[in-house]
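Written out below as structure tokens is the structure these notes cover.
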Amino acid sequence: MRSFEFPVEAGHIQEFKRAVGDHDATFDPDAVAPPTFMVAADRYDPDYDRRLRSDSPWPPVAPESGSGFHAGMVFEYHRHPKAGEVLTATVTEGEEWFKQGRRGGQLRFREIVTTFADTDGRPCVTARWINVRAANEVRE
Amino acid sequence: MTPEVGSQHRQVVANGLTRTQLVAYAGASGDFHPFHHDEIYATTHGFDRLFAHGMLTMGVSGQALVAVFGPDGLDRYGADFLKPVWPGDTLTTELTVAAVNSDGSVDVDIATTDQHGTLVLRGTAAGRLASD
């Protein structure tokens, strides 16, 4: 388990809205975070592996190494965060399951669960990142 | 969309997705995986060209949800990424009310297809319609 802070900034919400198709989104200091905005917390995660780093080559993990692919995502909203809040993101391992792939091999699905809580410790959003990879590529 | 089983909402959520939008999404989300902005990297790793983040497809599909649930009406939004989405693709999201709950909230099925009719994202959502 690990935690980091995620400041929900109005300018970041505007940038994110424009990127997901609301191209004319304007700056709103009271903006409600759009439905998938919590994924952008990764910008504040010091351990996030899809960012430029000064201490390791980029990209750090080539696809043939078996890191898998992002297969799906689930958000549960306890309430919708707004600009100006500072949330605490807590990342934990979720469930793991196996499924037969269409090409015959077995696939391993794995959840990474991130819970976003407000300054009072109340949960706002729970996000489940679902990763999939071939089971025979798994190297613990 | 009305709170009746079978009621639908259909919306074009990306009209000719551009590489620029992929780069904008990389910056906004922080996800700089080279599959989504580096054509040479993508082609040397088995893809015809670069392709959109699954979360970008989920993000644009979310516009249709905001249109019917409002900015804060959703209780849940989940999706599976079924097929790659390529630059130039036009995406249409269709929402269908699958259930109306006793508290007035609704469950909807989500299907996002490309211009060929290929299902690229399938999901579900729940919440209270903005028109309630």
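Nothing in this text is a laboratory measurement; each read-out follows from the coordinates by a stated rule. Fair warning: this is a prediction, and the values are worked out from it, not measured in the lab. Note that we place each Cβ from the backbone using ideal geometry, even for glycine, and neighbour counts take in every protein chain shown.
Details
- Selection from A:Q106, A:G11, A:F75, by position along the positive dipole direction of segment A:2-134 (Cβ): A:Q106
- Computed E for A:D28/B:T90 - FRET, C-beta separation, R0 22 angstrom, nearest 0.05: 0.20
- Ranked A:T36, B:T2, criterion: other C-beta atoms within 10 Å, fewest first: B:T2, A:T36
- Tilt relative to chain B, helix B:54-69 - C-alpha long axis, 0 to 90 degrees, to 10: 20 degrees
- Taking amide H atoms as placed 1.01 Å from N in the peptide plane, the amide H of B:R76 lies under 5 Å from those of A:Y77, B:A126, each 5 or more residues away in sequence or on another chain.
- The protein assembly as shown, helix-only ellipticity at 222 nm - DSSP H runs n ≥ 4, -39,500 (n - 2.57), divided by all residues, nearest 500: -5000 deg cm²/dmol
- Cα long-axis angle, helix A:10-19 against chain A (0 to 90 degrees, to the nearest 10): 50 degrees
- For chain A, a crude dipole built from +1 on the beta carbon of Lys and Arg and -1 on the beta carbon of Asp and Glu, taken about the Cα centre, is about 640 debye to the nearest 20.
- Which of A:T92, A:T26, A:I130, positive extreme of dipole for segment A:2-134 (C-beta unit charges): A:I130
- When A:H12, A:H80 are arranged by Cβ crowding within 10 Å, least crowded first, meaning fewest neighbours, the order is A:H80, A:H12.
- Peptide B:19-28 - average C-beta neighbours from other chains (10 Å radius): 4
- Between A:N131 and A:Y44, the FRET efficiency from the beta-carbon distance, with R0 = 25 Å, is close to 0.75.
- Legend: calculated FRET efficiency, A:S54 to B:E4, from the Cβ-Cβ distance at R0 = 51 Å, rounded to 0.05, equals 0.35.
- Remark: relative contact order (chain A) = 28 percent; criterion is Cα-Cα distance under 8 angstrom and separation of 6 or more residues.
- Taking the Cα centre of the protein assembly as shown as origin and assigning +1 to Lys and Arg Cβ atoms and -1 to Asp and Glu Cβ atoms, the resulting dipole is close to 700 debye.
- Sequence-separation-based contact order of chain B, relative, with Cα cut under 8 Å and 6+ spacing, percent: 31 percent
- Remark: A:W97, A:W129 ranked as A:W97, A:W129, counting other beta-carbon atoms within 10 Å and listing the fewest first.
- In a fully extended conformation the segment linking A:M1 and A:W97 would gain 32.6 nm over its present Cα-Cα distance, using 0.36 nm per residue.
- Rounded if a/c under 1.5, otherwise prolate or oblate - the protein assembly as shown, Cα gyration tensor axes: rounded
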